[in-house]
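*Asks:* One structure follows; several queries about it will come next.
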Amino acid sequence: MAVFRQVFVLGHSHCGSTLLGRMLNMHPATICCGELLWLDDALARNLPCLCGRQLEDCVLWGSLLKAWPPAARADYRKTGIAELEGLRIGAGRELLVDLSKSRVWRHPVFRRHSDAGRIFILRDPRALIAARLREGGEIHHELRQHAKWQKRFARMIIHAGSAGLIIRYEDLADHPEAEIRKVCAFLGLDPHPDMLRPSDGEHHFVHSSASPYLRGSNEIRRDDRWRRELRPEHLALIRSRLSHLPGYQNVYDLSC
C-alpha cells in the first residue's frame with residue numbers, strides 16, 4: 001500500500017520530472033496528470049494536453065475541467081488539497097503524483113502539507129541552464145533564478161525529512177530500473193514492469209514539457225546536449241555561481 005496519497009515532484013524546469021511522471025503513471029496504483037497547479041496558465045495560453053489534444057477535447061481533462069472549481073481554473077492559489085484528493089479518488093488510485101515543482105513552494109497550502117511526499121530531482125546545472133538558454137533565456141538572469149530556487153527546493157526537502165527523497169536525473173536516465181525501484185520503495189509500491197515502458201501508455205499531463213527528446217520511444221537515456229551547446233564563458237559562470245549550492249557539492253564536478 002502506498003505510503004502517501006499525494007506526492008509532489010520538486011525541481012527546476014527540464015529536470016526530468018516529465019520522464020519520472022510518465023514512468024510513475026504506468027503503475028496501476030498511481031495517477032499523474034502533470035503540473036496541476038499550472039492548470040490556470042495552461043488554460044490561459046491554450047496549451048494542449050501531453051496526449052496532443054486540447055484540454056477540452058482530452059478524454060481525461062474534458063471531464064476533469066467540468067468538475068474542477070472555476071476559481072481554481074482561473075487561479076492556482078484557489079486549488080486545495082480537496083481537489084487533488086478528489087482527482088485521486090475519482091481515478092481509483094492509491095497515489096496522485098503532481099509535477100508542479102515551483103508552484104508547490106509558492107502555494108502555502110501545499111508547501112506546508114505535511115502528509116504529502118516530496119521527490120526532488122537533481123540534474124547537472126549545466127544541462128538545466130543550457131535548456132533555458134535554448135529557449136531564449138539570458139545567462140545572468142537564469143543563474144540568479146536557478147540559485148534562488150535551488151536553495152528553496154533544498155530547504156523543502158530537508159524540512160520533509162523521511163517524507164522526502166532526492167534522486168538524480170542522470171541516475172534515472174542511465175539506470176532506470178534500479179532508480180525506479182528506489183522511488184517505488186520510497187512510495188511504498190511494488191515496482192511494475194510497465195514503468196520501464198512509459199511510451200506504451202497515453203499520458204494526460206497538463207502544462208508538461210513539450211520537448212520532443214525521445215518522445216514516442218521507450219528508450220531511456222540522458223540528454224547531454226549541453227556539452228556541445230555551452231560556451232566556455234558560460235561554463236565558467238555556472239561553475240563560479242552555482243557550484244557551492246546545496247545539492248551540487250560532491251555530486252557534480254562543474255570544473256570538467
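The values are calculated or read from the model by the stated rules, or taken from the named source; none is laboratory data. Everything numeric in this text was worked out from a predicted model, so none of it was measured. So basically every Cβ, Gly included, is an ideal-geometry build from the backbone, and we count neighbours across all protein chains shown.
*Asks:* Taking only region 150-170 into account, find how many residues are in contact (Cβ under 8 Å) with a residue 60 or more places away in the chain, farther than 23 Å from R227 by Cα and not basic (K, R).
*Replies:* So the count comes out to 6.
*Asks:* Name the residues in region 75-90 that are exposed (fewer than 14 other Cβ atoms within 10 Å of the Cβ), touching a residue at least 40 places away in the same chain (Cβ under 8 Å) and more than 18 Å from G188 (Cβ to Cβ), would you?
*Replies:* Residues satisfying the conditions do not exist here.
Residue by residue, here is whether (1) of a type outside the set (S, T, N, Q); (2) assigned to a loop (DSSP other than H, G, I, E, B); (3) modelled with pLDDT of 95 or more holds:
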| position | (1), (2), (3) |
| --- | --- |
| L143 | yes, no, yes |
| A147 | yes, no, yes |
| Q150 | no, no, yes |
| M156 | yes, no, yes |
| D171 | yes, no, yes |
| L189 | yes, yes, yes |
| D194 | yes, no, yes |
| P212 | yes, yes, no |
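*Asks:* While we're looking at this one, here's another question. So, in region 232-254, of the ones that are touching a helix residue (DSSP H, G or I) at 6+ places or on another chain (Cβ under 6 Å) and part of a loop (DSSP other than H, G, I, E, B), which residue ends up farthest from H12 (Cα to Cα)?
*Replies:* L254
*Asks:* Go over the candidates E142, E135 one by one and state the one that is without any contact (Cβ under 8 Å) to a residue 12 or more places away in the chain, out of contact with any strand residue (DSSP E or B) (no Cβ under 9 Å at 6 or more places or on another chain) and closer than 26 Å to D224 by Cβ.
*Replies:* Only one candidate passes the filter, namely E135.
*Asks:* In addition: Which condition number does A2 fail, the rest of (1) touching a Pro at 6+ places or on another chain (Cβ under 8 Å); (2) under 13 Å from V183 (Cβ atoms) being met?
*Replies:* (1)
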